[in-house]
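Colleague: Quick one: the structure is below, and I'll ask about it shortly.
Rule-based calculations on the coordinates, nothing more; no lab input. All of these numbers come straight from a predicted model, not from anything done at the bench. As a convention, Cβ positions derive from the backbone with ideal geometry for all residues, glycine included, and neighbour counts pool all protein chains shown.
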DNA sequence: CTATCGCATTAACTTGGGTTAAGAGTTGTG
DNA sequence: CACAACTCTTAACCCAAGTTAATGCGATAG
């Protein structure tokens, strides 16, 4: 038994149009989502209505709200489709349950968590050690496709700055 | 078999004086460290000699360099003792090996990774959505002991600002 | 075709943080 | 004790980014 087989048995495929939410901040969502196609945005919304982009999720990747799926609390962020998208979701509890019975499932969950942890650590590093301009350069090098698919509003939200500041950075970096 | 027992068999206890490094950026360190007593600092050093504090590690917690222990690369950060400290280290490979044989070990590793992931996600949130001043307030509320034990230089390094900026924030928040 | 809406750019002004440097405690050590 | 090393604060100045607002440019709807 492995995760691929679990997905066939317990997974449910869903399709979403551009603009649709998969889940919203404040709700519960005890699923792990695998993205087959499309593009999604995970984002926080502050009390005063400002949006902060946690991550973009592309085909081949997965996402879940750990605080909801694992810790049982409300989702701290929302997940919305920036393009028409196709996903398969599986209850987190199924992974836990089968993880107890089958080594390989447990091992695969472990690997996913390790990958996830390293990704988060990398982003932490970028916020801690790099300037907004440096973060933009890294994004340009590592995920140039994202820059083409997404508005500057969302890119700015991902970098932790305003669209105005991003426009200035672009001007600086292309001219300079 | 569980991690506590594994620590008794394969763990090695070490004591370190204030100022000593447990491992340094650029080295390999394929261990997971459990802190019994003391206080440690994980930090990045940039090419131009600037220090950025990744985290403070207190008694009862654990730390490892995922990129070194799991991915086999060099450590991207250093680990140094801010106080005399006592740790137990265990090779990451032992956890992997026994994780394959014993469910409970695998489950415990899973739980540790989940805790770690949620911690990182929280820090990501703070950098993305909060100002330096707000991050300082959160630190004051959630880990007031740290503020007493650590220099402002390190606090500032943890918040992603300079000691001068931290001093200004303190003035603003105590007067205002 | 035109009106509207959302996106990107630019300007003007404000603000928070970086940089440098000086001065006032503290701590530690010979 | 005296000196050195370090920490913290404060001031002065600079720059990056936030804010607000105006403009131009598609795309889409009517």
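Colleague: Given points 7 Å out from each Cα along the Cα-Cβ axis, report the residue B:18 to residue B:162 separation in nanometres with one decimal.
Modeller: In this crude label model, residue B:18 to residue B:162 measures out at 2.7 nm.
Colleague: Go ahead and set up a Gaussian network model of chain A, Cα springs under 10 Å, then flag whichever of A:133, A:20, A:97 fluctuates most.
Modeller: Evaluated over chain A, the most mobile residue of the options is A:97.
Colleague: When N counts the residues of the range B:1-107, how does its alpha-carbon radius of gyration compare numerically with 2.2 N^0.38 Å, as a ratio?
Modeller: 1.10
Colleague: Please report, for residue B:19, the nm distances (one decimal) from its label point, 7 Å out from Cα along the beta-carbon direction, to the equivalent points in the remaining copies, shortest first.
Modeller: 6.5
Colleague: Here's another thing I want to ask about it. Just to confirm my numbers, what's the Cα centroid distance between the range B:1-46 and the range A:124-176 in Å?
Modeller: 36 Å
Colleague: Between copies, how far does the label point of residue B:145 sit from its twins, in nm, shortest first, when each point is 7 Å from Cα along Cα→Cβ?
Modeller: So the distances to the same position in the other copies read 4.7 nm.
Colleague: How tilted is helix A:163-175 with respect to the longest principal axis of chain A? Cα atoms for both, answer in degrees (0 to 90, nearest 10).
Modeller: Helix A:163-175 sits roughly 60 degrees off the main axis of chain A.
Colleague: While we're looking at this one, here's another question. Sorting B:55, A:68 on the 10 Å Cβ count, fewest up front, what's the list?
Modeller: B:55, A:68
Colleague: While we're here: Go ahead and estimate [θ] at 222 nm for the protein assembly as shown from helices alone: -39,500 (n - 2.57) per DSSP H run with n ≥ 4, summed, over the residue count, rounded to 500.
Modeller: -15000 deg cm²/dmol
Colleague: Still on this model: Helix B:103-129 versus the longest principal axis of chain B: what is the Cα-based angle in degrees, 0 to 90, to the nearest 10?
Modeller: Helix B:103-129 sits roughly 20 degrees off the main axis of chain B.
Colleague: Another question, if that's okay. What Kirkwood hydrodynamic radius, in Å, does the range B:129-176 give when the mean of 1/r is taken over all pairs of distinct Cα atoms and then inverted?
Modeller: 10.7 Å
Colleague: Starting from the Cα of residue A:25, step 7 Å along the direction of its Cβ; do the same at residue A:171; then give the gap between the two resulting points in nm.
Modeller: So the label points at residue A:25 and residue A:171 sit 3.0 nm apart.
Colleague: Taking every residue in B:101-110, how many Cβ atoms of other protein chains lie within 10 Å of its Cβ, on average?
Modeller: For peptide B:101-110, the averaged partner shielding equals 4.
Colleague: Let me ask something else. Select from A:89, A:107, A:135 the residue whose mean-square fluctuation is largest in a Gaussian network model of chain A (Cα-Cα springs shorter than 10 Å).
Modeller: Maximum among the listed residues: A:107.
Colleague: Then there's this: Once the label point is set 7 Å along the Cα-to-beta-carbon vector, what list of distances in nm do you get between residue B:168 and its counterparts in the other copies?
Modeller: Inter-copy label distances (nm, one decimal, shortest first): 1.5.
Colleague: To make sure I understand, if each residue's beta carbon is the centre and we count other beta carbons within 10 Å, what order do B:154, B:48 fall in, fewest to most?
Modeller: B:48, B:154
Colleague: If I model the protein assembly as shown as equal point scatterers sitting on the Cα atoms and use the Debye formula, what is log10 I(q)/I(0) at q = 0.06 Å⁻¹?
Modeller: Scattering profile of the protein assembly as shown, log10 relative to I(0): -0.24.
Colleague: Rank the residues A:161, A:3 as a footprinting-exposure proxy: fewest other Cβ atoms within 10 Å of their Cβ go first.
Modeller: Taking fewest neighbouring Cβ atoms as first place, the list is A:161, A:3.
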